[in-house]
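Here the structure comes first, spelled out in structure tokens, and everything after it is commentary.
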Amino acid sequence: MIPTSSTEAGLLSASAATVAASATSCGAALESDAAAALPPIISMRGVSKWYGDFRVLDGLALDVHAGEKVILCGPSGSGKSTTIRLLNRLEQHQKGTVTVCGIELTDDNRNIEAIRADVGMVFQHFNLFPHLTVLDNCVLSPMLVKKVPRPEAEARAMAYLERVKIPQLAGQYPGQISGGQKQRVAIARALCMQPKVMLFDEPTSALDPEMVKEVLDTMVSLARDGMTMICVTHEMGFARDVGDRVVFMDEGRIVETDTPQNFFSAPKTERARSFLGQLISH
Ligand SMILES: Nc1ncnc2c1ncn2[C@@H]1O[C@H](COP(=O)(O)OP(=O)(O)O)[C@@H](O)[C@H]1O
Ligand SMILES: [Mg+2]
């Protein structure tokens with residue numbers, strides 16, 4: 001599927017950008033104690049957003065440190081996508097502060113370009129460019145945004161396609177490959193920008209069941225390598241396996257935060273219990 005909004009298209013093929021050096025909080029993943037001592041990679045404080053009169057986010061506060069894996073879950077319409085989309089400015093908040101890699105998200109375009117170079121995003125519907133080969137989907141942003149010369153961008157793309165175990169698909173077009181393969185291309189494409197944090201918005205929910213595992217395996221491997229990740233997903237096995245924290249949202253608020261073990265076995269709020277009951281009964 002092609003990008004669903006002009007902003008997403010802009011994100012993927014961004015025009016020339018000055019990629020600012022990232023702040024110290026965006027260094028490589030550290031041991032958790034050391035990472036916790038540094039400023040968080042992502043910090044949201046009192047974040048609210050409205051669509052017209054409808055308040056979609058209501059005073060969110062969330063810190064994510066280097067190397068952390070945060071699972072964002074909650075009922076449909078609770079504001080999960082909006083939350084992660086505003087972390088790379090695909091959406092704008094109207095109240096509160098959002099800081100990513102030490103840079104506050106404002107209308108300053110230089111900040112937005114710098115953030116987008118550091119924050120990789122994987123969408124439910126892949127958002128690959130259908131008229132470009134897998135390889136060209138992967139080299140586009142590094143060449144346009146980071147000015148990486150084509151030979152180097154191709155070498156990097158091939159390394160990440162190897163990493164997601166589909167180097168043989170480099171010359172194929174998105175229409176020629178399966179959903180699971182498309183999502184692995186989307187992950188490789190995001191990694192080609194060498195982001196400091198990866199955001200996933202229900203990356204397996206549009207896939208046929210037999211393809212879910214190959215994508216989750218790729219995400220698990222990325223998590224084990226120390227990538228900082230925020231994943232909107234209802235895949236409980238994945239959440240238990242790699243999640244440091246589950247953040248449960250409802251009606252635009254963070255209702256409950258806990259370890260996956262505690263959250264799934266003994267949710268503290270009635271809303272979380274009811275949500276989990278519905279998940280399990282399906
Ligand atoms: N562009 C928009 N305009 C108006 N309402 C929107 C828009 N995008 C999302 N919403 C509404 O905001 C709420 C939260 O949406 P979303 O963040 O997509 O939730 P989730 O990802 O948890 O399902 C929903 O009620 C949705 O209908
Ligand atoms: Mg959503």
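Among the residues of segment 69-106 satisfying the criterion of being of a type in the set (Gly, Ala, Ser) and in contact with a Gly (Cβ under 8 Å, 6 or more places away or on another chain), which is most open to solvent (accessible area, probe 1.4 Å)?
96
State which residue pairs qualify: first residue over 14 Å from residue 272 (Cβ atoms) and inside segment 72-84, second residue more than 6 Å from ligand 1 (Cβ to nearest atom) and open to solvent by 10 Å² or more (accessible area, probe 1.4 Å) in any location, beta carbons under 6 Å apart, and separation of 6 or more residues or different chains.
81/201; 82/91; 84/201
So which residues in segment 123-153 are open to solvent by 20 Å² or more (accessible area, probe 1.4 Å) and polar (S, T, N, Q), if there are any at all?
124, 133
How about segment 42-157: which helices (runs of 4 or more DSSP H) wholly inside it have at least 2 residues that are within 16 Å of ligand 2 (Cβ to nearest atom)?
Result: 80-87.
Can you find a residue in segment 165-180 that is without any contact (Cβ under 8 Å) to a residue 40 or more places away in the chain and closer than 27 Å to residue 54 by Cα?
For segment 165-180, residues without any contact (Cβ under 8 Å) to a residue 40 or more places away in the chain and closer than 27 Å to residue 54 by Cα: absent.
Consider only pairs whose beta carbons are under 7 Å apart and that are at least six residues apart or on different chains; among these, list those whose first residue lies in segment 221-240 and is polar (S, T, N, Q) and whose second residue is part of a helix (DSSP H, G or I) and buried (at least 16 other Cβ atoms within 10 Å of the Cβ).
233/239
I'm trying to understand the selection: among the residues of segment 187-214, which are touching a Phe, Trp or Tyr at 6+ places or on another chain (Cβ under 7 Å) and within 16 Å of ligand 2 (Cβ to nearest atom)?
201
Which one is farthest from the chain's Cα centre (by Cα), of the residues in segment 103-154 that are of a type in the set (S, T, N, Q) and farther than 25 Å from residue 92 by Cβ?
133
Do we find that residue 165 is in a loop (DSSP other than H, G, I, E, B), at pLDDT 95 or above and among the charged types (D, E, K, R) in this structure?
yes
Surrounded by fewer than 21 Cβ atoms within 10 Å (Cβ to Cβ), among the polar types (S, T, N, Q) and either closer than 21 Å to residue 81 by Cβ or within 15 Å of the chain's Cα centre (by Cα) (or both): which single residue out of 178, 205 fits that description?
Criteria check complete, one pass: 205.
Restricting the search to segment 157-215, which residues are among the aromatic types (Phe, Trp, Tyr) and within 16 Å of ligand 1 (Cβ to nearest atom)?
200
The values are calculated or read from the model by the stated rules, or taken from the named source; none is laboratory data. As the structure is a prediction and not an experimental result, all values here were calculated from the model. Don't worry about glycine lacking a Cβ; one is built from the backbone with ideal geometry, like all the others, and counts go over all protein chains shown. What goes into the accessible areas is simple: the full protein's heavy atoms, side chains included, and nothing from ligands, DNA or RNA. Shrake-Rupley method; radii C 1.70, N 1.55, O 1.52, S 1.80 Å.
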